[in-house]
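Here the structure comes first, spelled out in structure tokens, and everything after it is commentary.
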Amino acid sequence: MWKVGDTGWHNDKTHPMLAKYLDKLTAGKEKQKILLPLCGKTVDMKWLSDLGHTVVGVEFVKQAVEEFFQEQDIQYTVKDVEAVKGKVYKSQDGKIRLYLCDLYELNSSTEGQFDVVWDRGSLVAINVQDRTRYADHMMSLMKQDGRYLLDTYEYDSSKYGGPPQSVSDDVIHTLYGEKCQIERLEKFDSITEWMKINWHIEHFYEKVDFITFK
């Protein structure tokens, strides 16, 4: 999809839910270490770095990683990282590090653990059968006092099968509820006429949850 420019999920502006809840997500702290799984080329990374945070992204599409640095006019270096069976693209100041690798290859022995996880477009892109593995992996990368902002969608999946995948509240609680507190911050219908016509759905709920360890 990247090769043909089909990147409808990419937003040229900072995600409004990230901007709205950043203070809660960082607990008002400066210089937080923030993970963005399946980051694509989101401008959220530049925005967070400009605020003084350290940003670590994981992406498996080389084009997305290179376009991020090029479009944001950030000088970078590239280094092979045997531990993740991939490469790391690093800004000159080291505050943005994007790993080009399988998401599950990045673990705490490579980057330590994170203060913050910003999950937009990641869980909703994961195959249904891999969700438990994914959620467990995300939690393994969080510090005990870490904070996780999860942005998901819910719609009638009998009429449209994704992407993005529909994620029900029951699924979220099954994935994270045993180990974590889950606070619902937002739920609103962001349906568009295009979705109604092309996906044949009547509602497209965006949901934002704040997740912390119990």
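The values are calculated or read from the model by the stated rules, or taken from the named source; none is laboratory data. This one's a predicted model, so the numbers in the text were calculated from it and none came from an experiment. Every residue, glycine as well, gets a Cβ built from its backbone with ideal geometry; the counts of neighbours run over all protein chains shown. Protein only, heavy atoms only, side chains kept; ligands, DNA and RNA dropped before computing areas. Shrake-Rupley method; radii C 1.70, N 1.55, O 1.52, S 1.80 Å.
Descriptive notes on the structure:
- Accessible surface computed residue by residue for the chain, with neighbouring protein chains in place and a 1.4 Å probe, gives 51 Å² per residue.
- Solvent-accessible area, 1.4 Å probe, carbon plus sulfur percent, for the chain: 46
- Cross-link reach is defined here as a Cα-Cα straight distance under 17 Å, omitting same-chain residues fewer than 8 places apart; for Lys85 the lysines meeting it are Lys62.
- Hydrodynamic analysis of region 139-186 uses the Kirkwood radius over alpha carbon pairs. Inserted into Stokes-Einstein at 4 °C and 1.567 mPa s, it gives a translational diffusion coefficient of 104 µm²/s.
- When the C-alpha to C-alpha distance is required to be over 29 Å, the pairs from Lys87/Lys214; Lys31/Lys90; Lys13/Lys196 that qualify are Lys87/Lys214.
- Note on His203/Asn127: beta-carbon distance plugged into 1/(1 + (r/R0)^6) with R0 of 30 Å gives a FRET efficiency of 0.80.
- Region 198-214 - phi-based ³J(HN,Hα) in whole Hz, Karplus 6.51/-1.76/1.60, Gly and Pro as x: 8, 9, 6, 10, 9, 9, 9, 7, 9, 10, 10, 10, 10, 10, 9, 5, 6
- Sequence-distant residues sharing a close amide H with Val58 (under 5 Å, placed H): Leu36, Leu38, Cys39, Tyr99
- Here the convex hull built on the C-alpha positions of region 88-214 has a volume of 132 cubic angstrom per residue.
- Added length on full extension, which subtracts the Cα-Cα distance from 0.36 nm per residue, Asp136 to Thr192: 16.9 nm
- Reference-scaled alpha-carbon Rg (2.2 N^0.38 Å with N residues) for the chain: 0.99
- Cα-Cα pairs of region 27-146 separated by more than 23 Å (percent): 24
- The mean sequence separation of alpha-carbon pairs under 8 Å and at least six residues apart, normalised by the residue count of region 26-139, gives a relative contact order of 28 percent.
- Extension gain for the segment Ser168 to Glu82, taken as residue separation times 0.36 nm less the Cα-Cα distance, is 27.3 nm to one decimal.
- Rounded to 5, the percent of DSSP beta bridges in the chain classed as antiparallel: 60
- Note on the chain: with a GNM built from Cα contacts shorter than 10 Å, the maximum mean-square fluctuation among His53, His173, His137 falls on His173.
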